[in-house]
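Single-structure report; data block below.
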Amino acid sequence: MNAAIEVHNTLGPDLLEGVYEKCLKHELISRGHFVSSQLLAPIDYKGINLEAELRIDLLVDDLVVVELKAVENLHPAYEAQVLTYMKLLKKPQGLVINFFSRKLKESYIHLVNEYFRQLPD
């Protein structure tokens, strides 16, 4: 989130999502993170890999799925979208970040993949 806040403070709101994606990826990499962008989320159904056009904005350190938005209001569907990506990729955490907001700290959703909470130690 600190990297996203830096991008938001530098660029402000009212830009397209793609601009924030490129800048956030650069900011995260400059801070030592490994970042992949526009990954296809595979669907493994009964051992068969089904093609889908599900694209993940950013995957940070192979752990955190990040979906970027620049919209007036966050819709519950965005949370479902990130939860889907997290489950398909078996990732423990996710973020929906809305750069449209004047205060980024008040316009994001942190998600946890419940599957990881159920694993034994």
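Could you tell me whether the range 52-92 comes out rounded, prolate or oblate from its Cα gyration tensor? Rule is a ≥ b ≥ c as square roots of the eigenvalues, rounded for a/c under 1.5, then prolate if a/b exceeds b/c, otherwise oblate. The shape class here is prolate. Pairs of lysine residues in the range 2-117 that meet both criteria, 8 or more places apart or on different chains and Cα atoms under 25 Å apart, total 21. Phi-derived couplings, Karplus 6.51 cos²θ - 1.76 cosθ + 1.60 at θ = phi - 60°, listed residue by residue for the range 96-106: 10, 10, 9, 7, 5, 5, 6, 10, 4, 4, 9 Hz, with x used for Gly and Pro. Distance between the C-alpha centres of the range 15-56 and the range 61-114: 12 Å, rounded to the whole angstrom. For the chain, the relative contact order is 22 percent, taking Cα pairs closer than 8 Å that sit 6 or more residues apart in sequence and dividing their mean separation by the residue count.
3J(HN,Hα) along the range 36-45: 10, 10, 6, 6, 7, 8, x, 10, 9, 10 Hz, from the Karplus curve 6.51 cos²θ - 1.76 cosθ + 1.60 with θ = phi - 60°, whole Hz, x for Gly and Pro. Helical content of the chain, expressed as a calculated mean residue ellipticity at 222 nm, amounts to -10500 deg cm²/dmol (DSSP H runs of 4 or more residues, -39,500 (n - 2.57) each, divided by residue number, nearest 500). Taking only the Cα atoms of the chain, the ratio Rg/Rh comes out at 0.98, with Rh defined as the Kirkwood radius. Using alpha carbons only, the radius of gyration of the range 68-110 set against its Kirkwood radius gives Rg/Rh = 1.00.
Along the charge dipole of the chain, Cβ charges K/R +1 and D/E -1, which of TYR78, SER101, LEU63 sits furthest on the positive end? So the residue we want is LEU63.
Every number in this text was worked out from the coordinates using simple rules, so none of it is lab data. In this text, all values refer to a predicted model and were calculated from it rather than measured experimentally. Glycine gets a Cβ as well: all are built from the backbone with ideal geometry, and neighbour counts include every protein chain shown.
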